[in-house]
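The values are calculated or read from the model by the stated rules, or taken from the named source; none is laboratory data. Predicted, not measured: the structure shown is a model, and the values here were computed from it. Every residue, glycine among them, receives a Cβ derived from its backbone with ideal geometry; neighbour counts consider all protein chains shown.
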Amino acid sequence: MEKVPSMKGGAGGGKTSGGATVLYLLTAGFVLVVAAMFTLQNIEPVSVKFLFWNLQTSLALALAGAFFLGVLSAAMISLAARMKGKFVRQ
């Protein structure tokens with residue numbers, strides 16, 4: 001009989017060590033500072049046009065909106081693929 005490795009503390013869940021939490025917080029803080037610098041340096045107004053729609057906004061907001069729409073689209077496609085896999089396997 002083969003032994004199955006335990007998933008405690010690994011990728012499968014469990015508690016994270018204090019060092020991992022500190023690293024996570026430092027990384028999140030760094031990303032936040034970079035995002036704030038990007039926003040402050042890209043405040044020029046731009047005109048976003050799509051079909052009959054026209055919107056005046058800052059470049060930073062337009063790029064952030066495009067980024068979040070991309071993340072949302074990827075998440076929806078991933079969810080659809082997972083759901084399809086669950087229904088096909090049954």
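If you go through region 39-71 one residue at a time, how many are surrounded by 10 or more Cβ atoms within 10 Å (Cβ to Cβ) and in contact with a helix residue (DSSP H, G or I) (Cβ under 6 Å, 6 or more places away or on another chain)?
Looking only at that region, the number is 5.
Please list, ordered by first then second residue, the pairs with beta carbon atoms under 9 Å, 6 or more apart or interchain, first in region 24-52 and farther than 20 Å from LEU63 by Cβ, second surrounded by 10 or more Cβ atoms within 10 Å (Cβ to Cβ).
Qualifying pairs under 9 Å: TYR24/THR16.
Is one or more of the residues making up region 29-38 modelled with pLDDT under 90 and surrounded by fewer than 10 Cβ atoms within 10 Å (Cβ to Cβ)?
So far as region 29-38 goes, no, none of its residues is modelled with pLDDT under 90 and surrounded by fewer than 10 Cβ atoms within 10 Å (Cβ to Cβ).
In this structure, does SER58 turn out to be among the small types (Gly, Ala, Ser), over 22 Å from the mean Cα position of the chain (by Cα) and at pLDDT 85 or above? Walk me through it before giving the result.
Working: among the small types (Gly, Ala, Ser): yes; over 22 Å from the mean Cα position of the chain (by Cα): no; at pLDDT 85 or above: yes.
In short, no.
How do the pairs read when you match residues in region 53-78 that are among the aliphatic types (A, V, I, L, M) with residues anywhere that are modelled with pLDDT under 90 and surrounded by 12 or more Cβ atoms within 10 Å (Cβ to Cβ), using Cβ under 8 Å and keeping only pairs 6 or more apart or on different chains?
Every condition considered, the pairs that remain are LEU55/VAL48; LEU59/ASN42; ALA60/PHE38; ALA60/THR39; ALA60/ASN42; ALA62/VAL48; LEU63/ASN42; ALA64/THR39.
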